[in-house]
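Every read-out reported here was derived from the displayed coordinates using simple, explicitly stated rules and does not represent laboratory data. All figures in this text were calculated on a predicted structure; none of them were measured in a lab. When we count neighbours, we look across all protein chains shown, and the Cβ atoms used for this are built from the backbone with ideal geometry, even at glycine.
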Amino acid sequence: MNFSDYLPSEERWLFEQLYYFVYIMTNRSKTLYTGVTNSLVRRVYEHKTKRNEGFTSKYKIDRLAYYERHTSIHKALAREKQIKGWRRIRKIELIVSMNPTWADLAADWYRWRTPSDH
């Protein structure tokens, strides 16, 4: 199963194209993590399920607060570097410009299954 299969059909087309995403993840304490990926759905899933050890699993970074789409990996990497160089307040302003309530933008992307669902 493809990760985009977990998306609502009306949003799936956006993520099946060849794009690169710069994103900011957070947690309950509003710790920020900025990253870049060619599959936002897969990468957010990895954060939410703590697939990779490191900063995001240690600090329980599991909420997508912001993302932007790019058609070039070079532009996406440059933008990631730019955002990572910003002070925290500027990153917060960027998040609030898209997501004033700090909602988890990926909250409805996945149909979580329990063992009893199989």
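Using mean Cβ contacts within 10 Å as the protection proxy, how do 76-86, 23-33 order, highest first?
Per-residue Cβ counts within 10 Å, averaged per peptide and sorted highest first, yield 23-33, 76-86.
Summing +1 for each Lys or Arg and -1 for each Asp or Glu, what net charge is found among the other residues whose Cβ lies under 10 Å from the Cβ of residue 28?
With Lys, Arg at +1 and Asp, Glu at -1, the neighbours total +2.
Beyond 15 Å, what percent of the Cα pairs of region 58-106 remain?
Looking at region 58-106, the distances longer than 15 Å represent 55 percent of pairs.
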